[in-house]
1. If one takes the longest principal axis of the Cα atoms in the chain, at what angle in degrees, from 0 to 90 and to the nearest 10, does the Cα axis of helix 8-30 lie?
2. Subtracting the Cα-Cα distance from 0.36 nm times the residue separation, let me have the gained length for Ala132 to Gln195 in nm, one decimal.
3. Determine the percent antiparallel among the DSSP beta bridges restricted to the chain, to the nearest 5.
4. Compute the FRET efficiency between Asn233 and Ser75 as 1/(1 + (r/R0)^6), taking r as their Cβ-Cβ distance and R0 = 30 Å, and round to the nearest 0.05.
5. Where q = 0.18, 0.20, 0.24 Å⁻¹, what log10 of I(q)/I(0) comes from the Debye formula for the stretch 38-142, counting one point per Cα?
6. Two-decimal Rg/Rh of the chain from alpha-carbon positions, Kirkwood Rh?
7. Could you go through the stretch 192-198 in sequence order and give the Karplus-derived ³J(HN,Hα) for each residue, using 6.51 cos²θ - 1.76 cosθ + 1.60 with θ = phi - 60°, rounded to whole Hz, and x for Gly and Pro?
8. Could you tell me what % of all Cα pairs in the stretch 85-154 have separations over 20 Å?
Amino acid sequence: MTAKIIDGRAVAAALREKVAAEIGGLKTRHGLVPGIAVVLVGDNPVSAAYVRSKSKHAVATGLRSFDHHLPGSISPPELLAAIGRLNADPAVHGILVQLPLPPQIDPHAVIAAIDPQKDVDGFHPINAGRLAVGLPALVPCTPLGCILLTKTVVPSLEGLEAVVIGRSNIVGRPLAQLLVAQNATVTVVHSRTRQIAVVCRRAELLYVAAGRAELVRGDWIKPGAVVIDVGQNRFVDQAGKPRVVGDVAFAEACEVAGAITPVPGGVGPMTIACLLLNTMKAACTIAGLPPPGLGSIP
Ligand code: NAP
């Protein structure tokens, strides 16, 4: 079998177009321009590149983007005060604080300081709790992107056996919640799981977010399964070129899977597109407008 390649760049471009069309409507009908504040603390080059890409796509989609680059030496009270100002700013509907943060800052305290209605990353305990109990919530962008990518090849996830590798608050845990909400049967595995390959071979839907280059081999995959590779493992190759590989051994997996996301060009572009979607949803909620009608998007 040669797996179908799920083109995350194309799916993300289509989602951004839908969001842009909705934003056009919000502007004309309600004079509402959704705004996102992107907060970068310090000079981590990978984080800086993410932030540039997020701002570029936000502007291209019709949002306002407010970039806040703060020094890596900032004190916790100064950063919390900056978040407080963004919470109070009516032009800002979404606040994203790029992780990781410098060691003197407690990321949980920063996330908890964000107004849950503006928490477009979906990391605030109120949004995490709402997702867990099945209430409408702002949900984390990467897991949301994973669900939308899956639905391009399997429109209904109902009753399917899903395995999620990884239990982080950013990817694995919320992804498991979203899959349960889609009526999939979900197993979450992690570094303490025994016989992980055996568990993975049961999966009709296999999501891999371990941060371990090429952890999942071809013989971990059930023939015909949909494989969504969240991993982004960066290294410099022998020619000195920066490279990125996923958590799945791609060539081997392509021989067995029914469909698979590549790295790069799979989950990554969807994360940003879902951030724009979340910012538009947040702006509608704050303005008391119904959520945008984008069809089957959860
Ligand atoms: P994380 O916080 O480090 O969590 C990794 C999870 O994988 C943990 O739950 C860990 O288990 C589990 N794990 C690690 N090694 C394992 C192994 N050998 N077998 C089974 N489970 C294992 O990472 P994360 O933030 O969730 O990110 C995961 C990957 O996704 C990273 O490569 C990251 O760069 C990528 N990512 C991509 C995007 C995107 O937009 N494409 C967004 C976010 C993250 P324990 O809990 O037992 O330690």
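1. Tilt of helix 8-30: around 30 degrees.
2. 19.9 nm
3. Antiparallel: roughly 10 percent of the beta bridges in the chain.
4. Working: r = 33 Å, r/R0 = 1.10.
Efficiency for this residue pair is about 0.35.
5. -0.91, -1.11, -1.45
6. 0.97
7. Karplus-based 3J(HN,Hα) across the stretch 192-198 equals 9, 6, 8, 6, 4, 5, 5 Hz.
8. That fraction is 38 percent.
The values are calculated or read from the model by the stated rules, or taken from the named source; none is laboratory data. Bear in mind the structure is a predicted one, so any value in this text is a computation, not a measurement. Neighbour counts run over all protein chains shown; Cβ positions are idealised from the backbone, glycine included. Calculation scope for accessible area: heavy atoms of the full protein, side chains included, ligands and nucleic acids excluded. Shrake-Rupley method; radii C 1.70, N 1.55, O 1.52, S 1.80 Å.
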